[in-house]
Every structure is written in structure tokens, then in C-alpha cells.
């Protein structure tokens, strides 16, 4: 059974292809969005938008409280038990609604405080528009987790593409109406409203009631425990790729952040290359780990690592060929100043790209707390290096800090798998065996 699961079968490759299609839509929309904001509103506006986006992404993880990780794991683990799936998903929607709305209210109340802290009134105003989207994000995240656990990856991909296209469309609408740039923050709320209906239609929550109310109470407790342990990982994983921008927001001006954000935009896109594979294989990892065949898990992991690196190198090469040719379309000097940042970050990510698809393997094995410990170590390294190097080298220091953190993260992940999952050699367990 594990051998059958641990293969690059037609469905897995097909799901990956669909999600790369969604990724292409995300990447294209992201490039157009950043280009549009820079050209129409200016480099400072781009810096402000990316700060709003960074805060939104980080706080969105608090709003969902890690419950989606519990849903994805248990739906995949109990793929053949509809009763389990019904109870665990229904309770998750209730929790997400309550927690999500609570955090939405909190962000709305402290938006001005955040703006004052980072000395950007526009960012504070933009966060007011972001707040409503946090509650809906939590609910939508649960729906996406159900689709992921059930390996309904075509629907998953289409919804993800629709979300980003909605953000882009609202940015154009903001310019058309002549509103200030910070109003683009509302695009995140609008996008969550747009995808809410299709997601609810696909997942059909509360179509059936709990088998017993005791079962509902049991799942609420299980989700909260798993979610609380997984929350640091989810919170830090989403902020991981944006830690440099968040620290730059404290230490440098909006223009410098705009330059760095331009390069970081492409890195976020490149980072998604292995993340797409991670999303597709997470439910497969759940079944492989449950099968307790470490050799099969190691073989499957190495195939995935090779696939991820090959795709990453191809995409990264294309990006580095295209970016310098974008100079005529952006304010003078922006691309020239951003290219060295992009190069440094790419060199850091090329090694980590092999490990990103297996990033959540410890959580898929049922150890969300240990997964969070691992991500906490990576974040502490990133924060320390950024605060050390940015005052010395400016935005170049942020790039160096992030690149080095990517390298270290590859080592910490492999070490965690080695010691916590009992796989000598980590992802290279059994690598000397015949494949």
C-alpha cells in the first residue's frame, strides 16, 4: 500500500500541473499588481502596500488559529470515513468563524497603532480595510483544507487563482475611482467575499449534523489542541518569507522598502514553486507516515526533492533573464537597484527549494508542536541576522540574512526528521538502498 501511495502517480502529477497553472495566474497577477502600483501610485505606495500585505498574511494565521492544519491532516488520514470528515469539518467551521471574527475586530481596533508604530499613516488606514477579510479568510481556509485533505486539487487550484485575480481587479478599480493607494488593502477583503460562495458550494458545510453532540465537543477540543500547537508554525511559516520586509519597515524608509519589495516580489513567486508541490503532497505524506514504511517515505521524499529543484532552477533562470528587461517600464533605477537583491535571495533559496515540499512533514506525522519548534528556530535565526545586518548593509543586509536563513533551514528540517521521526539521515534515509 505504501509503495502505491509513495509514487509520482498520474493523479499527483496532474494535481501538481493544475496547481502550477494556478501559480502561474498568481505570479502573473502579482507582477502586474506590483507593476501597476509602482507606475500608477509610485514606489512609496508599493512599499506601503507590501507592508499592509505582510501584516495581513501574518495576522491571518492568527485568525485561523492553526485549525486548518488539523482539518487537512485528519481529512486525509480518514479519507474513507465520511462520518469523521463531517464531524471534524463542521466543528472547524464553527471555531474558524468565532476566532476569525475576533481577530478581525482586534486588527480594526489597533490599525492606527500599527501605522504609528511603523511611522506610516497610510499603512494604518489600509489595515482598516483589511480587517473584514480576516474573518472570512479563516472560514475559507477551512474549506480549502477540506479540499486539500480530500485531494480535490483542481478545485483548490481554481479557487486560489480566483482569489489573486480578484485582488488585482480591485486594485484597478481603486485607480479607476481615484481612491488613494491604501484603499487597495480592501482588495483582500473583497477577494475573500468572492471565493466564499464557491467554496461553501464545494464543501457543503453543515449539510449533515453531528452524529452525536459529544463527537462535536471532542473535535472542538482536538482542533484546538492541534491548532494551538500548529499555530506557531503557521504563523511563522507565513511570516518567514516576509520577516525581512517587516524588519525593514522598522529600520528604513518607504522608498528603500519599495526597492526591496520589488525584488522580494519575485522571490515570493519563486518560493511558491516548491510550495505548490508541498500543498499537493501533504495528504500523501499523511498516508505514508501512517504506513510506517520509512524507506518508502525516504524514496518518495527524494523524488519530490529532485522534481522541486529541477522546476525551481528552470523558473528562476527565466526570472533572471526577464527582470533586467523590465527596467524601461519602472521608475528610473528601481530595477537596477533591485537586481543584486534578487540574485542574493535566489542563491539562498535554490538549496532550500529541495526541502520546502517536505517542510510540513513533521506536522503530517502528528507532531505540530515539534513542527512549530523547528519553525521558531528558523525565525529566530532570521530575525537575529536581519537586525544585525540591516543597520550595516541596508537592504543588501536583509537579502544576505534571508539567504543564509534559507540554507540553515534546510539543515534544521533534515535534523528534525532524523531525530523526531526516527529516520537516520533524515530525508536521505535509506538513500544507499536500491531505488
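The values are calculated or read from the model by the stated rules, or taken from the named source; none is laboratory data. Quick caveat: nothing in here was measured; it's all calculated off a predicted structure. Using ideal geometry, Cβ is built from the backbone for each residue, glycine included, and neighbour counts are taken over all protein chains shown.
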Being surrounded by 23 or more Cβ atoms within 10 Å (Cβ to Cβ) and more than 12 Å from residue 249 (Cα to Cα) is the filter here, so list the residues in the stretch 39-52 that pass it. 46
Which residue out of 88, 26, 46 is over 20 Å from the mean Cα position of the chain (by Cα) and either under 30 Å from residue 333 (Cα atoms) or free of Cβ contacts under 8 Å to residues at least 40 places away in the same chain (or both)? 46
Every residue from the stretch 269-297 that is at pLDDT below 85 and more than 23 Å from residue 150 (Cα to Cα): 269, 294, 295
Quick one: is residue 378 over 20 Å from the mean Cα position of the chain (by Cα) and either surrounded by fewer than 17 Cβ atoms within 10 Å (Cβ to Cβ) or in a helix (DSSP H, G or I) (or both)? no
Subset of the stretch 348-375 that is closer than 30 Å to residue 259 by Cβ and in a loop (DSSP other than H, G, I, E, B) - its residue that is farthest from the chain's Cα centre (by Cα): 354
Answer with yes or no whether residue 345 is in contact with a helix residue (DSSP H, G or I) (Cβ under 8 Å, 6 or more places away or on another chain), modelled with pLDDT under 90 and part of a helix (DSSP H, G or I). no
Some residue of the stretch 386-394 being out of contact with any strand residue (DSSP E or B) (no Cβ under 8 Å at 6 or more places or on another chain), within 19 Å of residue 306 (Cβ to Cβ), at pLDDT 90 or above and part of a helix (DSSP H, G or I): no
State yes or no: is residue 146 under 30 Å from residue 75 (Cα atoms), buried (at least 23 other Cβ atoms within 10 Å of the Cβ) and in contact with a helix residue (DSSP H, G or I) (Cβ under 7 Å, 6 or more places away or on another chain)? yes
Any chance residue 236 is closer than 30 Å to residue 16 by Cα and either part of a helix (DSSP H, G or I) or modelled with pLDDT of 85 or more (or both): yes
Subset of the stretch 252-299 (residues that are part of a helix (DSSP H, G or I), more than 23 Å from the chain's Cα centre (by Cα) and closer than 22 Å to residue 346 by Cβ): 256
Of the residues in the stretch 54-85 that are at pLDDT 85 or above and not in a helix (DSSP H, G or I), the one that is nearest to the chain's Cα centre (by Cα) is 66
